[in-house]
1. Could you say whether any residue in region 230-243 is under 17 Å from V289 (Cα atoms) and in contact with a Phe, Trp or Tyr (Cβ under 6 Å, 6 or more places away or on another chain)?
2. Filter region 192-215 for residues that are touching a Ser or Thr at 6+ places or on another chain (Cβ under 8 Å) and farther than 18 Å from A395 by Cβ and give the result.
3. If you go through region 167-182 one residue at a time, do you hit one that is exposed (fewer than 15 other Cβ atoms within 10 Å of the Cβ), over 25 Å from D271 (Cα atoms), polar (S, T, N, Q) and out of contact with any Cys (no Cβ under 7 Å at 6 or more places or on another chain)?
4. Please go through (1) modelled with pLDDT of 85 or more; (2) under 19 Å from A531 (Cβ atoms) for F617 and return the number of the only condition it doesn't satisfy.
5. Looking at (1) hydrophobic (A, V, I, L, M, F, W, C); (2) outside any helix (DSSP H, G or I); (3) at pLDDT 95 or above, which is the one condition that is false for A596?
6. Return a yes/no flag: does region 558-577 have any residue that is surrounded by fewer than 24 Cβ atoms within 10 Å (Cβ to Cβ), among the charged types (D, E, K, R) and in a helix (DSSP H, G or I).
7. Can you name every residue in region 468-500 that is closer than 17 Å to G455 by Cβ, surrounded by fewer than 20 Cβ atoms within 10 Å (Cβ to Cβ) and among the acidic types (D, E)?
8. If the requirement is being closer than 23 Å to W266 by Cα, outside the structural domain of W266 (by TED's automatic domain parsing), assigned to a helix (DSSP H, G or I) and at pLDDT below 50, which of these qualifies: A88, A33?
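The values are calculated or read from the model by the stated rules, or taken from the named source; none is laboratory data. Small disclaimer: the values here were computed from a predicted structure and weren't measured. No Cβ is skipped: glycine too gets one built from the backbone with ideal geometry, and neighbour counts run over all protein chains shown.
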Amino acid sequence: MISSRMHDSSLGQGGKASSDGQGTRLESWKEIAAYLGRDVTTVQRWERREGLPVHRLLHAKIGSVFAYSAELEAWRQARSHQAGAPLAADPAGAAPPPQADTPATPPADSPPDREPPAAPPPAAVAVTTTAPAPGRWLTGTLAALLVLTSSLLAWEVWGRKDRSPTMGPIRTIAVLPLRNLSGDAAQEYFADGMTEAVISRLASLGEVQVTSRTSIMQFKKTDRPVPEIASALGADAILEGSVLRSGNRVRVIAQLVDGRTDAHVWAAEFDREVRDVLALQDELAQAIVAQLSASVREPRAGEAHDTPVSSVAYEHYLKGRYLLNESSLDSVRQSLREFQAAITVDPAFAPAYAGLASAHTDLGTVLIGATPGADSVERAIAAANEGIARDPFLAEAHSVLGRALMGQWRWKESEAAFRRALALNPSDARTHYWFAEWLIAHHRGDEAVASARRGRDLDPLSMRVGAEFGLMLGFAGRHADAVSQLRSVLAVQPDHVQALWWLGINLIDLGRAADGIAPLERATALSGRSAAVAAQLARAYAKVGRRAEAQRILAELIARRETKYVPPTSIGAVYAALGNHDAAIEWYTRAVDEKANSLHLMWASTAAAPLHGDPRFVALFVRMGLPAATPAGAP
């Protein structure tokens, strides 16, 4: 398939190839393999069994090999006629026509740790799905990149075991980060964005569980064996591949591997114009699910993902997603501009509205630190609804809508949005966590823990998701379990701010405030003295009698309100710890007046526990439309 489009120009850079009257001279097994689009072991087998024209030079005790492109082309054509099909349609590892073996010593540059196999395995399944392409789709360096990586990645079939006829069902799949073949590091956002899109599309199909983005990104550019990656992710199967954008065209090469046996299951390439990238993603996801022996749902009425999108709009969108995932105040603000630019160019592009809504809701989080405000929440809701109007099956838009509606205390609508999002994409870890917050606000602690645990299982290597699971355990009153979970996160990432912060809180809640000071001091420093984190440090100081230090932090937070956003709940928590309940109620009332973020967690937070019996505090929950009974596990 790929081989049929290879030229001598594919070795135009980076190799030792030279030219003479017999075409390009290829100076090593690697160059020969790259030219033919196969791995080294396969072309060595062809040389032994099928007469692949490879020459040897012997000098002293050192030997070397070389081949001429013209001779390889003549051999390829002869083999093609003999087999009745082009070489390109014969996947690496396919059994060659019977030939008499010719004894030969191993080539000088043959891999020392791998003997050529005595017999090839059965052919792997390979499918090519391409739209008509312009005559000059790949040339020069881009062609070289495609050929070289295709031989190493997409058709790296030999070296894997043949597919076992007793292979078990695949219930969980992880999509490894697609490799960027552009040769331009600045294009990483495109490859990462395509990876995230494939994950989302795959998760919306059938019953297969798809590992979330954060965990799989830890294996970007890894050389670890597939079974090892699969074990770490708890995945039955691994999808690996590459993406190359050239002008207005994009090509994705993918292969599916059984993570338990390292058996190659399926491979394909998809080639489209960028304007048809949504159709490409959908077709790729459908093709993968078809290989998994899993139930594939029928298309929903009105569901379509083949709507053309402007290539300019799509580029703005992918840049926005890349920036949003950076999770800093500056990057989130930049992502807003990119999403808005995508919408300006292509107002019908639904995912850009979902991205815009996510960015607006992220701005108001306590660690990012922008003023949330009603305007920000309303913009998030408006953008999410615009996305849903254009694509009712866009899970992210429903999820972020549910999150934003919590900020307006529209609880029934929020629950409906979360449940719709989970029906459309049950593998989204973030939605499971946000719905856990909704459940904890309604004093349904066991359900909240189960939802958060589901999110952790979907994103098992994400330290953020692991820390959030620990937080939810604490909100449910399971403080000892929370400490254990948060310490497991810190064992892997000692400077994880949220884990340090929430560990300190749970140690306070266990009556071990003195032990909570060190992690809270560290979290305060690492977070740039985030108001929410520093307030918990002040609580710990107050609990151990270091009132002067607690009061200094309180004064700092009040002064910062003049220039930066400081959640009123943070100030209220410090006043409550210092025993000034009137001041604490005043600041919590301000928080309700402002509709400050995270108010739905106020009752579950033990920072406000001293106020639980105060009628003024209970009245705040009546205003918010939340039950005011003391949740299980709270003091």
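1. At the first step, the residues of region 230-243 found to be under 17 Å from V289 (Cα atoms) are 235-241.
Of the ones still in play, those that are also in contact with a Phe, Trp or Tyr (Cβ under 6 Å, 6 or more places away or on another chain) are none.
Among the residues of region 230-243, not one is under 17 Å from V289 (Cα atoms) and in contact with a Phe, Trp or Tyr (Cβ under 6 Å, 6 or more places away or on another chain), which makes the answer no.
2. S215
3. As a first pass, look at region 167-182 and keep what is exposed (fewer than 15 other Cβ atoms within 10 Å of the Cβ): 168-169, 171.
Now narrow it down to the ones that are over 25 Å from D271 (Cα atoms): 168-169, 171.
Add one more test, that the residue is polar (S, T, N, Q), and what stays is none.
No: region 167-182 contains no residue that is exposed (fewer than 15 other Cβ atoms within 10 Å of the Cβ), over 25 Å from D271 (Cα atoms), polar (S, T, N, Q) and out of contact with any Cys (no Cβ under 7 Å at 6 or more places or on another chain).
4. (2)
5. (3)
6. Yes, region 558-577 has at least one match.
7. Residue satisfying the conditions is D481 alone.
8. Values: A33 fails: at pLDDT below 50.
Criteria check complete, one pass: A88.
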